[in-house]
1. Among the residues of region 80-108, what is the count of those that are assigned to a helix (DSSP H, G or I) and within 25 Å of ASP265 (Cβ to Cβ)?
2. Within region 139-162, how many residues turn out to be in contact with a Leu (Cβ under 9 Å, 6 or more places away or on another chain) and among the hydrophobic types (A, V, I, L, M, F, W, C)?
3. I'd like the full set of residues that are polar (S, T, N, Q) and not in a loop (DSSP other than H, G, I, E, B), limited to region 141-165.
4. Among the residues in region 156-169, are any over 16 Å from ALA279 (Cβ atoms), under 22 Å from the mean Cα position of the chain (by Cα), assigned by TED's automatic domain parsing to the domain that holds ASP265 and β-branched (Val, Ile, Thr)?
5. Which of the residues that make up region 135-164 are farther than 29 Å from TRP176 by Cα and polar (S, T, N, Q)?
6. When you go through ALA217, ALA221 one by one, which is the residue that is closer than 13 Å to ALA263 by Cα and without any contact (Cβ under 8 Å) to a residue 12 or more places away in the chain?
7. Hey, could you check region 91-123 for residues that are touching a Lys or Arg at 6+ places or on another chain (Cβ under 8 Å) and of a type in the set (S, T, N, Q) and say which is nearest to SER185 (Cα to Cα)?
8. Against the definition (modelled with pLDDT of 95 or more, polar (S, T, N, Q) and not assigned by TED's automatic domain parsing to the domain that holds LEU238), how does SER135 come out, yes or no?
Amino acid sequence: MTGILGGFSGQLGKELADKWLGLLALPGALFLAVVATARAVGQSHALDVPRLVRQVSEWAHDPAVNTIGGQVVLVVAALAMSVAVGLVARVLGSAIERVVLAADWHSWPRPARAFALRLSRARQSRWDDAHREYSARWAEAAHAIATNRLLDPEPRHAALHVRTSIAVERPDRPTWSGDRIHGVSVRLLRDHRLDLALLWPHLWLILPEQERNEITAARVAITRATELGAWAVLYVPLIYLWWPAGIIAALLGMTARRRTRAATDSYARLVEAAVRLHARDLAQRLGIEFAGPLPADAGDLFDELLNSVPPAAGA
């Protein structure tokens with residue numbers, strides 16, 4: 001038994017070390033390599049590879065690091081700095097995630113809250129315009145069907161694409177990703193009066209393991225994408241030392257934006273699908289029986305059972 005546990009602990013330690021190395025040390029090491037390159041060649045020789053090779057060779061032959069002890073110290077210092085930079089990126093990524101999802105933007109400090117409010121209202125105005133255009137196209141299509149006329153569906157599809165590119169539902173948050181997740185709550189409330197915030201913790205406990213793993217993976221993907229955005233931010237100051245760092249920052253920023261939107265969309269779809277597929281299972285666990293499809297007022301019954309009784313007056 002001891003040997004089995006020892007082997008398990010060793011394997012677990014190896015997996016944790018590999019994960020730690022990949023998520024923190026390697027990106028940090030690449031960042032430090034860019035810093036070293038910036039110091040070696042500077043702005044005026046930004047793409048001078050021979051100059052970079054000569055400088056690296058000089059560093060390698062420095063007496064201070066040309067010993068075993070010096071090399072050990074250098075490796076340890078580089079590893080520690082890589083992890084430190086990785087931790088900074090992780091903290092910054094958490095802040096970026098909070099901004100991107102904007103779930104609590106109403107409680108942000110006043111300047112940020114005012115800016116978020118302006119963005120939200122601007123997005124609402126754009127969405128309303130797009131929605132009116134789509135509604136007009138939809139009315140034209142319905143009239144064409146009623147009068148047995150053929151109508152090109154492309155304008156209607158284009159109008160829908162424009163509206164969806166702003167938000168799936170009417171915007172409530174200053175960002176697309178935030179509204180994509182908020183839209184799930186809006187749709188479930190409108191379709192079945194389901195309060196997602198109330199329902200989700202109970203539903204999560206009865207979901208099959210495979211579905212929970214998929215939802216968790218999608219949520220982690222959002223975090224990883226915003227951390228990539230954090231790395232883009234960290235590369236920006238290096239532009240002052242080495243202009244190609246601006247290209248790296250721009251590529252990382254564009255990739256982070258695309259991945260964040262894709263991960264958010266996937267997460268929102270999975271959460272909504274899980275609720276629609278398993279709300280009936282939760283209802284049965286609670287002693288509720290629905291005849292036929294989930295009714296439009298299903299959420300009212302869940303509210304009665306899942307909301308706790310308020311404390312008695314004077315208690």
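The values are calculated or read from the model by the stated rules, or taken from the named source; none is laboratory data. What you see is a predicted model, and the numbers here were worked out from it, not measured in a lab. Positions of Cβ are generated from backbone atoms using ideal geometry, with glycine treated the same way; all protein chains shown enter the neighbour counts.
1. Of the residues in region 80-108, the ones assigned to a helix (DSSP H, G or I) are 80-101, 105-107.
Applying the additional criterion that residues be within 25 Å of ASP265 (Cβ to Cβ) yields 89-90, 92-101, 105-106.
Summing the residues that are assigned to a helix (DSSP H, G or I) and within 25 Å of ASP265 (Cβ to Cβ) in region 80-108 gives 14.
2. Step one: filter region 139-162 for residues in contact with a Leu (Cβ under 9 Å, 6 or more places away or on another chain), giving 140-141, 143-145.
Cutting the leftovers down to among the hydrophobic types (A, V, I, L, M, F, W, C) gives us 141, 144-145.
Residues in region 139-162 being in contact with a Leu (Cβ under 9 Å, 6 or more places away or on another chain) and among the hydrophobic types (A, V, I, L, M, F, W, C): 3 in total.
3. Narrowing region 141-165 to residues polar (S, T, N, Q): 147-148, 164-165.
Once the filter is applied, which keeps residues that are polar (S, T, N, Q) and not in a loop (DSSP other than H, G, I, E, B), region 141-165 yields THR164, SER165.
4. No, region 156-169 contains no residue that is over 16 Å from ALA279 (Cβ atoms), under 22 Å from the mean Cα position of the chain (by Cα), assigned by TED's automatic domain parsing to the domain that holds ASP265 and β-branched (Val, Ile, Thr).
5. Selection gives THR147, ASN148.
6. Just a single option satisfies the conditions, and that option is ALA217.
7. The extreme case among them is SER120.
8. Numbers: modelled with pLDDT of 95 or more: no; polar (S, T, N, Q): yes; not assigned by TED's automatic domain parsing to the domain that holds LEU238: yes.
Judged against the criteria, SER135 is not a match.
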